[in-house]
Amino acid sequence: MEFSDAISELESGGAPLEAVERLLLANPQEEKELFSLADETRERHVGKSTCVHGVLEFSNFCKNSCLYCGIRKESPVKRYRMQPDEIVENVAWAAKELGYKMVVLQSGEDRHYTGETLCELAREIKKRCNIILFFSIGDRTQEEYASLKKAGADGVLYRFETSSSELFEKMRPGTSFGTRMAHLSFFHELKYLVATGFIIGLPHQSSKQLAQDILSLGKLKANMISIGPFLPSPLTPLASQKSPSLPLALRALAICRLLYKKVRMPVTTAFETLDPAGRQKAIFAGANSLMVNITPRKYSQCYSIYPNRFGEREEIEKLTREAIEFVQGIGRRVCRGYAKDLRPQFSAPACAE
């Protein structure tokens, strides 16, 4: 299939696997056109707004043994757990002092935090500050997630990692692809905002599988797309594997923008870690928000899912200021409002134009 034919397929509203796979294999000249089209699509459908969100990693304990993750159960990392009142105070500080209006609370799969503890955490945060609150805590029961929603949680960040059940269960021993898909189904039933996505360039991942990952996002009706390149950790069985090239990761991002025109697409830290210019390149390939690590610095270096994570040693105030200056410097509008594109009922200033 010719590059122009693949583009035409996407622009006409179709998304055959062959067309997506062809775009993933674009040559350097073709990818320039692909990135330009993705950026134009972002401009036309979501405007110049580029949102700055916060991620607080409150525990690096995990019961799982995922082959790609540096905080897997067997990892020798220094473990930590933040106390609930400490979590609340840090979120409230980020909201009131630094202007964050959307925060993701993320952890390994740590059952130390009971369902009731997480619900109380959500209630206290919502009592203290008016933010959009996401949780990224892995597999819990539908009842637990229903209670968490009632307690004030607005969204979930829950990647499906790969659409291949065989690759999923190989990379995540002891976990079930069916369970993953069931969660992504009941999240919508519970009226959560759903952020999901996959890892680009996992070992043994084919271009066809990556194309299927991209198309799966449409079936899963994601409100936010969270994708990033595989980065090997020396603390895992995949330590000797190679990362994908940044251009491949950017091509996947751009195709997502062409297919899912109005969805929010953050630049994940993996892009920024893979290449010092990864943030800017991703923004000009269709992304429209930045994620800033607001974890207290005495903990952030211990959340070592992969080495040398972007920003893990920088002060939070500095990272926030630099993110805002970056957005302004490329001529985009910084949005620090309440995401009317995600939650139309918010009356405060919207993130989207």
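The values are calculated or read from the model by the stated rules, or taken from the named source; none is laboratory data. These numbers were taken from a predicted model, which means no experiment stands behind them. Note that we place each Cβ from the backbone using ideal geometry, even for glycine, and neighbour counts take in every protein chain shown. Protein only, heavy atoms only, side chains kept; ligands, DNA and RNA dropped before computing areas. Shrake-Rupley method; radii C 1.70, N 1.55, O 1.52, S 1.80 Å.
The set of residues in segment 1-24 being over 16 Å from L215 (Cα atoms) and not in a helix (DSSP H, G or I) consists of M1, E2.
Okay, residues lined up against (1) surrounded by fewer than 20 Cβ atoms within 10 Å (Cβ to Cβ); (2) in contact (Cβ under 8 Å) with a residue 12 or more places away in the chain; (3) closer than 23 Å to S240 by Cα:
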residue: A277; (1), (2), (3): yes, no, no
residue: I283; (1), (2), (3): no, yes, no
residue: A287; (1), (2), (3): no, yes, no
residue: M291; (1), (2), (3): no, yes, no
residue: I305; (1), (2), (3): no, yes, yes
residue: R313; (1), (2), (3): yes, yes, no
residue: E317; (1), (2), (3): yes, yes, no
residue: E322; (1), (2), (3): yes, no, no
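Being acidic (D, E) and farther than 11 Å from F3 by Cβ is the filter; apply it to segment 23-41 and report the residue that is nearest to the chain's Cα centre (by Cα). So the residue we want is D39. Scanning segment 187-215 for residues that are part of a helix (DSSP H, G or I) and open to solvent by less than 20 Å² (accessible area, probe 1.4 Å) yields F187, L210, A211, D213, I214. Restricting attention to segment 33-77, the residues that are closer than 30 Å to E325 by Cβ, of a type in the set (S, T, Y) and in contact (Cβ under 8 Å) with a residue 12 or more places away in the chain total 3. For segment 121-146, the set of residues classified as of a type in the set (A, V, I, L, M) and either surrounded by fewer than 19 Cβ atoms within 10 Å (Cβ to Cβ) or not in a helix (DSSP H, G or I) (or both) consists of I131, I132, L133, I137, A146, listed by residue number. Considering only residues in segment 5-40 that are hydroxyl-bearing (S, T, Y) and open to solvent by less than 70 Å² (accessible area, probe 1.4 Å), the one that is nearest to N288 (Cα to Cα) turns out to be S36. The set of residues in segment 43-83 that are of a type in the set (F, W, Y) and either buried (at least 21 other Cβ atoms within 10 Å of the Cβ) or at positive phi (or both) comprises F58, Y68. When segment 11-42 is filtered for residues that are at pLDDT 95 or above and among the hydroxyl-bearing types (S, T, Y), the ones remaining, listed by number, are S36, T41.
For M171, state whether it is within 22 Å of I137 (Cβ to Cβ), open to solvent by 30 Å² or more (accessible area, probe 1.4 Å) and touching a residue at least 12 places away in the same chain (Cβ under 8 Å). So M171 fails the test.
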